[in-house]
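The structure appears right after this line, and notes come after that.
The values are calculated or read from the model by the stated rules, or taken from the named source; none is laboratory data. These numbers were taken from a predicted model, which means no experiment stands behind them. Cβ atoms come from the backbone with ideal geometry, glycine included; neighbour counts cover every protein chain shown.
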Ligand code: SF4
């Protein structure tokens, strides 16, 4: 799943709990994110002048083994499929004349973050669209609910490399079927799985014995 890349960058254990063990739990942060997504989660489309907006668009990349749904993809109409440098950047859309250049837009709760998880998820969407449409995509955008602003993201070679690397790591994690030990970080406070994961009880160093001792201590209180 495209979302697994973002989960992995946030915390590999969170990624394994969700995508290997099938655990899910919601907190106010994930609920707020879900609300924000409800605006764009119904599959559909609308065309205004030379821009077609496709919402909840299904995506797939066989090359990178990715699948998921794009919140919104803007398709900008142009007369020819190439850009100034001769690269194919626009494709035909069924029932529409001309060529349409895709521009993915992902909706996020909160504000821009210091890590690159949101950008990687957006770039993964672009990789899927490139493969599906046979085009090259130079940029997309992230829309943040807290700032209510769009931030443009360039799909440069560094971001593409990071995205491909994380996709490979997620595949290895799922194939191995092993959930990494928890590492207590600041991010744990915002993690919806903190009650399932219990990183304070089991921190990966003396995990089993310490966890059992804590359970017995709690039961004896
Ligand atoms: S609570 Fe912390 S260690 Fe556990 S899954 Fe969440 S972020 Fe990872």
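Suppose the filter is surrounded by 16 or more Cβ atoms within 10 Å (Cβ to Cβ), under 18 Å from residue 126 (Cβ atoms) and at pLDDT below 95; does residue 91 pass it? Before you say what the answer is, go through the steps one by one.
Numbers: surrounded by 16 or more Cβ atoms within 10 Å (Cβ to Cβ): yes; under 18 Å from residue 126 (Cβ atoms): yes; at pLDDT below 95: no.
So residue 91 fails the test.
Show the residue pairs meeting these rules: Cβ distance below 6 Å; 6+ apart or different chains; first residue within region 2-17 and under 12 Å from residue 163 (Cβ atoms); second residue outside any helix (DSSP H, G or I) and at pLDDT 95 or above.
2/66; 2/68
Going through 153, 194 one at a time, which residue ends up being closer than 21 Å to residue 22 by Cβ and touching a helix residue (DSSP H, G or I) at 6+ places or on another chain (Cβ under 6 Å)? Outline the logic, then answer.
On the way: 153 fails: closer than 21 Å to residue 22 by Cβ.
After applying the criteria, what remains is 194.
Quick test for you: out of 63, 116, 96, pick the one residue that is surrounded by fewer than 21 Cβ atoms within 10 Å (Cβ to Cβ), farther than 23 Å from residue 172 by Cα and touching a residue at least 24 places away in the same chain (Cβ under 8 Å). I'd like the intermediate steps shown before the answer.
Values: 63 fails: farther than 23 Å from residue 172 by Cα; 116 fails: farther than 23 Å from residue 172 by Cα.
Only one candidate qualifies: 96.
For region 13-55, name all the residues that are within 16 Å of the ligand (Cβ to nearest atom) and at pLDDT 80 or above.
Listed by number, the residues that qualify are 13, 14, 15, 16, 17, 18, 19, 20, 21, 22, 23.
Considering (1) surrounded by 16 or more Cβ atoms within 10 Å (Cβ to Cβ); (2) at pLDDT 95 or above; (3) outside any strand (DSSP E or B), say which one residue 80 fails and leave the rest.
So the condition that residue 80 fails would be (1).
So, restricting to helices (runs of 4 or more DSSP H) that lie completely within region 142-221, which ones have at least 2 residues that are exposed (fewer than 12 other Cβ atoms within 10 Å of the Cβ) and modelled with pLDDT of 90 or more? Step through it out loud before you land on a result.
Details: elements: 157-176, 194-197, 207-220.
The helices (runs of 4 or more DSSP H) meeting that bar are 157-176.
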